[in-house]
Number of protein chains: 2
Amino acid sequence: MDLDIVRTFVAAADAGQFQEAAAELAITQQAVSKRIAALERDVGVRLFTRTPRGAELTIDGQAFLPHARELLRVAERAVTSVCTGRRPLRVDMLASRSAASGLMRGFHRAHPEIDLDVVMLFDIEKAVAAIRSGAIDASFRAVAMPGRPLPEDIESVRVLDEPLQLLVGPAHALASARSVTVAQLAGHRIWMPGLAPGTEWTAYYDDLVAEFGLTIEATGPNFGSDALLDTIADTPALATFMGGRTRLVWPAGHGLRRIPVTDPTPVYPHSLLWRRDNPHPALATLRAHLAATAAGHGAAGTWAPDWVIPR
Amino acid sequence: MDLDIVRTFVAAADAGQFQEAAAELAITQQAVSKRIAALERDVGVRLFTRTPRGAELTIDGQAFLPHARELLRVAERAVTSVCTGRRPLRVDMLASRSAASGLMRGFHRAHPEIDLDVVMLFDIEKAVAAIRSGAIDASFRAVAMPGRPLPEDIESVRVLDEPLQLLVGPAHALASARSVTVAQLAGHRIWMPGLAPGTEWTAYYDDLVAEFGLTIEATGPNFGSDALLDTIADTPALATFMGGRTRLVWPAGHGLRRIPVTDPTPVYPHSLLWRRDNPHPALATLRAHLAATAAGHGAAGTWAPDWVIPR
DNA sequence: CTATGGATACAACCCTTGGTTGTGGCCGGG
DNA sequence: CCCGGCCACAACCAAGGGTTGTATCCATAG
């Protein structure tokens, strides 16, 4: 199905006749006739009743019309999403179901008129490069890498500390615990596939390991959260860390448990990064919204690497 | 833009390489390459970075991807909306902003999983024919026409009495009234363009006129509610009737007033009509919903023509 | 270092799609 | 009864889009 044909259908429906629609679209009446005929062949029903003084929608055509308009609207938005000028606010985050997505949902509820696009870049290095180039407008990341300060033109503000939770299967030794201390985790196998060297999130877990003497296995590629959850559920001796604000597609019947970690509670520090001279109007709105709704961070009893930017 | 191209884009993004996407779509890799190139030319930005072992999305491509998926979803719904089998529940009503649309909004809130399509047929005769043929599943109308009973296979139930209101401009003699009695309306010019002979809504106003000795002018074609509202606002001696549940796009600065009518309050009786043997599962859900949320009708102090079906 | 395999891009060819022009049929109004 | 307006059908033509064949690039294995 071609969107030009859909456009033709809408124009013909609005005009009530093919000829006027043809004039609007700068094609001949015969072309409109052929397009409509092709569309009717595609969907398998008659959309217009042709009369000697025009064409009016059939019931099926009436039902189809709003969907056609919606189709054109969505196409419009799709194109503007990659337009260089006046495009939606484009935000990078760690993962589509991470805590940052919760913040963005809140922002969207508060400002439904602002168009948003979410992308997921590899690490903060890529994110900073994308912010500097203007490819994205903002990023939710942990900053900065140890010994690698942010460039001058990038600003950042810490917006959310996400408490880590332990994820275990039903047969795990800690499965029935209401909460566990960091000290209790020493000696347990914690599996986090996909930790890539040189990324800021791997640096975070490296620090966590060094600080509290934990054992984190990063072996094997990451086959996706489904496969990870399956393995965790089936392996009694295995656990993994998960952001406490992560909304999982919870697999039914796996018996997985999320267990808070305490003494101290490791928190993953999300900061908002943006380029100082980025003129996107929605960026200021986002910053104001986050400042207004900022959750507590750097709270007592929590731990984060000392290289993260201060609160 | 062709939806086949969008489909190709999504397939390539999912596969991470053109070759596999080509195999899925049963075309050659070269065709995929050309389609993607055409799409990139259309939107004006690069969507993939080609590597020797595949193609991965650029940031723009990532931003575009969810829009592309949405586009395909909407297209799918558009097609199923005119599919004969398992299509959305198709409901006819008097006007898109009439009281019936409020009922349907409530139904949609209660059952957001049920797809709906709204159409507006000419009159009850057309609606009954469409219901019998299966072209639509239900209709909100005033039934039945005087002396013209519903066919055997059509059922109906009165679901909502909509009180009429008087709509006047700021300079009208009744503009400052909190409410008016029917008796007060005698002698005032009431203008309702577009009252077509033989329709059930014209029959309603004919009865109203006969019962209370009103003056309703139906002269002139209906140029749409905007034009009607403009005229009403500008003409001191002119008023019109409007459904009390109608949600107008209220023109700013016109000073229009909506005035309740009493002694008695004329109500427009909306009934739900459907074919007894219509198997659409959502139809039963709609009937149950309307039965559960039924607003009062046939209340004391209201008037409706005696030919409408009993409550 | 070289050969190989797998991936994309480019070129040539050809068919099909889709546009235009020309024409006929239908119905309502003067 | 004729005329005018509108849509459908046929013929023609150009261009888009698919296929086959080939070049290029890079990672990996030998």
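The values are calculated or read from the model by the stated rules, or taken from the named source; none is laboratory data. Because the structure is predicted, anything quoted here is derived from the model rather than measured. Quick reminder, even Gly has a Cβ in these numbers, built from the backbone with ideal geometry, and neighbours come from all protein chains shown. Surface accessibility is based on the protein's heavy atoms, side chains included, excluding ligands, DNA and RNA. Shrake-Rupley method; radii C 1.70, N 1.55, O 1.52, S 1.80 Å.
When the residues of the stretch A:1-20 are filtered to those that are among the hydrophobic types (A, V, I, L, M, F, W, C) and farther than 22 Å from B:VAL119 by Cα, the one that is surrounded by the most Cβ atoms within 10 Å (Cβ to Cβ) is A:LEU3.
In the stretch A:91-105 there is at least one residue that is surrounded by 19 or more Cβ atoms within 10 Å (Cβ to Cβ) and either β-branched (Val, Ile, Thr) or within 16 Å of DNA strand C (Cβ to nearest atom) (or both). What about A:ARG90, is it under 15 Å from A:ALA282 (Cα atoms), more than 15 Å from DNA strand D (Cβ to nearest atom), in contact with a helix residue (DSSP H, G or I) (Cβ under 8 Å, 6 or more places away or on another chain) and basic (Lys, Arg)? Spelling it out, A:ARG90 is indeed under 15 Å from A:ALA282 (Cα atoms), more than 15 Å from DNA strand D (Cβ to nearest atom), in contact with a helix residue (DSSP H, G or I) (Cβ under 8 Å, 6 or more places away or on another chain) and basic (Lys, Arg). Residue count for the stretch A:31-45 satisfying the condition of being open to solvent by 50 Å² or more (accessible area, probe 1.4 Å), modelled with pLDDT under 90 and in contact with a Ser or Thr (Cβ under 9 Å, 6 or more places away or on another chain): 1. The number of residues in the stretch B:46-56 being aliphatic (A, V, I, L, M) and at pLDDT 90 or above comes to 1. Just one of the numbered conditions (1) touching an Asp or Glu at 6+ places or on another chain (Cβ under 6 Å); (2) within 11 Å of DNA strand C (Cβ to nearest atom) is not true of B:ARG53: (1). Pairs linking a residue in the stretch B:6-27 that is in the same structural domain as B:GLU76 (by TED's automatic domain parsing) to a residue that is part of a loop (DSSP other than H, G, I, E, B) and surrounded by fewer than 23 Cβ atoms within 10 Å (Cβ to Cβ), with Cβ atoms under 7 Å and 6 or more positions apart or on different chains, are B:ALA22/B:THR28.
Identification of helices (runs of 4 or more DSSP H) wholly contained in the stretch B:1-58 with 3 or more residues that are within 14 Å of another protein chain (Cβ to nearest Cβ) and within 12 Å of DNA strand D (Cβ to nearest atom) yields B:3-15, B:29-43. What about A:ALA63, is it in contact with a strand residue (DSSP E or B) (Cβ under 6 Å, 6 or more places away or on another chain), in a helix (DSSP H, G or I) and in the same structural domain as A:LEU286 (by TED's automatic domain parsing)? It is false that A:ALA63 is in contact with a strand residue (DSSP E or B) (Cβ under 6 Å, 6 or more places away or on another chain), in a helix (DSSP H, G or I) and in the same structural domain as A:LEU286 (by TED's automatic domain parsing). Just one of the numbered conditions (1) out of contact with any helix residue (DSSP H, G or I) (no Cβ under 9 Å at 6 or more places or on another chain); (2) without any contact (Cβ under 8 Å) to a residue 40 or more places away in the chain is not true of A:GLU70: (1).
Among the residues of the stretch A:68-86, is there at least one that is in contact with a Leu (Cβ under 8 Å, 6 or more places away or on another chain) and more than 10 Å from chain B (Cβ to nearest Cβ)? No, the stretch A:68-86 contains no residue that is in contact with a Leu (Cβ under 8 Å, 6 or more places away or on another chain) and more than 10 Å from chain B (Cβ to nearest Cβ).
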